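What follows is a set of notes on a single structure, which appears directly below.
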Amino acid sequence: MNDWIEKHADAIAARAPRELEALVAVSSPSGDVHGAEEAAAVAAALAPDEAEVERVPCSSADHAPDLLVRLMGTGAKRLLLLGHVDTVISHADHRPLRREEDRLVGSGTVDMKAGDVLALGALRALVDRRADFAEVALLLVCDEEWRIGPFQHVERFAGFDACLCFEGGQRAKDGDEQVIVKRKAAGTVMVDATGRSAHSGSAPHRGINALLALAGAAQALAACHDPDGPEHLTVVPTVIRSGDAFNVVPDSGELVADVRADSLDALRAVVAAVPDEIGGARLDARLMREWPGMDSRAATGALLERASAAVGRPIVPAARGGASDASHFATTVPLTVDGLGPLGGGAHAPHEFVLASGLRPRAEVALAIVDAVLAD
């Protein structure tokens with residue numbers, strides 16, 4: 001392991017639990033302006049003094065501005081570090097950080113405040129290498145968990161030499177460190193149903209049941225599920241809402257399905273599987289929250305070889321089904337690597353955690369990737 005990685009991995013690991021505690025103490029569900037502002041303030045305080053801190057417009061309306069921290073150098077390379085401060089956990093369900101043996105448990109730990117801590121540590125480590133880059137930018141967005149509209153930051157960073165995203169890390173079954181270089185495209189199918197209400201006891205025949213129509217739409221969507229097919233398509237109905245009273249034929253409702261595949265075109269084709277009408281109820285289906293796929297396997301092969309040599313152990317490529325903002329940047333920054341965060345589990349659940357013992361090894365991996373980008 002080279003000296004720069006060893007020195008700064010020690011420093012990152014020593015500070016990480018306290019920094020994670022401070023960031024997890026902030027309840028910051030996606031869309032909550034106050035929580036995002038507080039989380040951004042904590043992150044900015046952890047940035048190096050030499051960096052420039054900006055607030056840039058968020059991709060989602062009515063959200064707090066995103067945080068952009070820029071460290072300028074005298075070299076030529078431009079590197080983007082990427083994360084998000086929002087969680088899916090509501091204020092009522094938020095849990096501050098606590099330690100359970102090797103687990104650091106708390107809301108948003110692995111997805112992805114611990115990753116943000118490692119990214120901030122990597123930025124601090126680069127202060128003494130400013131001759132090796134022109135700019136290193138850390139972008140922490142506050143709408144990753146529930147963004148409906150287009151992602152607005154791609155053009156600003158087009159042409160950067162690399163994008164490194166700090167979503168949760170993982171290891172192979174044989175113990176090799178893994179980073180994510182392939183992700184599926186992802187989206188959300190929304191189906192609205194419009195029927196006609198009627199008394200469910202005295203005149204049910206006068207109604208048009210939106211709930212039954214949505215149940216039929218859910219079956220039509222589920223029939224598209226083809227994980228072993230050419231597009232590795234998964235279609236999973238996840239939410240259905242309809243009706244307000246036990247004795248009224250529901251006249252409206254909504255169905256949500258999570259869809260993922262190798263390409264966005266495969267997801268758009270799923271919408272066509274929903275008929276315009278079932279049982280007299282009108283159905284309107286649309287695809288929302290479109291996330292492109294990502295495949296940087298070919299572009300990152302040599303990078304991972306250099307990083308493995310720098311850290312003294314294998315860092316190997318892997319694929320993951322979950323969506324990430326790294327996929328947006330991969331379209332214009334071919335050298336895109338994700339999964340640089342720490343090891344953990346339970347994302348979006350009350351038992352969400354990261355492993356304290358994994359902080360230093362994953363800091364080493366992140367620094368090795370950074371070093372390999374700058375050494376090329």
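Which of the three applies to the chain, rounded, prolate or oblate, going by the alpha-carbon gyration tensor with a ≥ b ≥ c and a/c under 1.5 meaning rounded? Can you show the working numbers first?
Working: a/c = 2.26, a/b = 1.90, b/c = 1.19.
The shape class here is prolate.
What are the ³J(HN,Hα) values, in whole Hz, obtained from phi via the Karplus relation 6.51 cos²θ - 1.76 cosθ + 1.60 with θ = phi - 60°, for each residue of the range 102-114 in sequence order, with x given for Gly and Pro?
These are the phi-based 3J(HN,Hα) values: 8, 9, 9, 9, x, 5, x, 5, 7, 10, 9, 5, 5 Hz.
Dividing the alpha-carbon Rg of the range 241-376 by 2.2 N^0.38 Å yields what? Intermediate values should be presented prior to the final figure.
Working: Rg = 21.8 Å, N = 136, 2.2 N^0.38 = 14.2 Å.
Against the compact-globule rule of thumb, the ratio is 1.53.
Percent of Cα-Cα pairs per 10 Å bin, from 0 to the last occupied bin, for the range 43-189, please list those.
10, 34, 37, 17, 2
Computed over the Cα atoms of the range 1-110, what is the convex hull's projected area averaged over all directions, in nm²? Mind dumping the intermediate values first?
Numbers: hull surface 35.6 nm².
Seen from a random direction, the Cα hull of the range 1-110 projects 8.9 nm² on average.
Under a 5 Å amide H to amide H cut-off, with H placed in plane at 1.01 Å, what residues pair with Thr87 once short-range neighbours are removed?
For Thr87, the qualifying residues are Ser28, Ser30.
Got a sec to turn the phi values of the range 131-137 into Karplus ³J(HN,Hα) couplings, 6.51 cos²θ - 1.76 cosθ + 1.60 with θ = phi - 60°, whole Hz, x for Gly and Pro?
Here the 3J(HN,Hα) series is 6, 9, 8, 8, 7, 10, 10 Hz.
May I have the extent of the alpha carbons of the range 185-291 along their three principal axes, as whole Å values ordered from largest to smallest?
Result, largest extent first: 50, 19, 18 Å.
Please identify which residues in the range 121-160 have an amide N closer than 20 Å to a label point set 7 Å out from the Cα of Thr331, following the Cα→Cβ vector.
139-160
Taking 10 °C and 1.306 mPa s as the conditions, I'd like the Stokes-Einstein D for the range 107-243 in µm²/s, using the Kirkwood hydrodynamic radius from alpha carbon pairs. Write out the running numbers ahead of the final one.
Working: Rh = 20.3 Å.
Approximately 78 µm²/s, per Stokes-Einstein.
So who's got an amide H within less than 5 Å of the one on Val179, skipping anything under 5 residues away but keeping other chains? H placed 1.01 Å off N, in plane.
For Val179, the qualifying residues are Val316, Ala318.
Measuring from label point to label point, each 7 Å out along Cα→Cβ, what is the His232 to Ala61 span in nm?
Roughly 3.6 nm, to one decimal.
Add -39500 (n - 2.57) for each DSSP H run of 4 or more in the chain, then divide by its residues: what number comes out at 222 nm, to the nearest 500 deg cm²/dmol?
On the way: 8 runs with 106 residues, N = 376.
Dividing the helical sum by the residues of the chain leaves -9000 deg cm²/dmol.
For Cα pairs less than 8 Å apart in space and 6+ apart in sequence, what is the mean separation divided by the residue count of the chain, i.e. the relative contact order in percent? Walk me through the numbers on the way to the answer.
Numbers: 950 pairs, mean separation 85.5, N = 376.
Contact order relative to length: 23 percent.
Name the residues whose placed amide hydrogens come within less than 5 Å of the amide hydrogen of Ser197, ignoring near sequence neighbours (fewer than 5 apart) on the same chain.
Ile208
Order by neighbour count: His232, His199, fewest other Cβ atoms within 10 Å first, most last. Each step should come with its number before you reach the end.
Values: His232 16, His199 13.
Ordered by Cβ neighbours within 10 Å, fewest first: His199, His232.
Mind running the shape call on the range 307-376? Use the C-alpha gyration tensor, a ≥ b ≥ c as the square roots of the eigenvalues: rounded below 1.5 for a/c, prolate if a/b tops b/c, oblate otherwise. Display every interim value, and only then the final one.
Details: a/c = 2.54, a/b = 1.20, b/c = 2.11.
It is oblate, given that a/c is not under 1.5 and a/b is not larger than b/c.
If you wrap a convex hull around the C-alpha atoms of the range 188-237 and split its volume per residue, what is the figure in Å³?
On the way: hull volume 3.7 nm³, N = 50.
With only Cα atoms used, the range 188-237 gives 74 Å³ per residue.
Taking the chain as a Gaussian network, where each spring joins two C-alpha atoms under 10 Å apart, which residue of Ser357, Ser27, Ser327 fluctuates the most?
Ser357
Cut-off 10 angstrom, C-alpha nodes, Gaussian network model of the chain. Which of Asp32, Asp258, Asp174 fluctuates the most?
Asp174
Taking the Cα centroid of the range 11-48 and of the range 162-193, what is the distance between the two, rounded to the nearest whole Å?
Using only Cα atoms, the two centres lie 23 Å from each other.
Considering the chain as a Gaussian network with a 10 Å cut-off on Cα pairs, which listed residue, Lys182, Lys173, Lys113, attains the greatest mean-square fluctuation?
Lys173
Less than 23 Å apart at the alpha-carbon level, and either on another chain or at least 8 residues along: which lysines does that give for Lys77?
Qualifying lysines at Cα under 23 Å: Lys7.
FYI, it's all coordinate maths here, none of it is from the lab. Owing to the predicted nature of the structure, the values given are computational and were not obtained by experimental measurement. Positions of Cβ are generated from backbone atoms using ideal geometry, with glycine treated the same way; all protein chains shown enter the neighbour counts.
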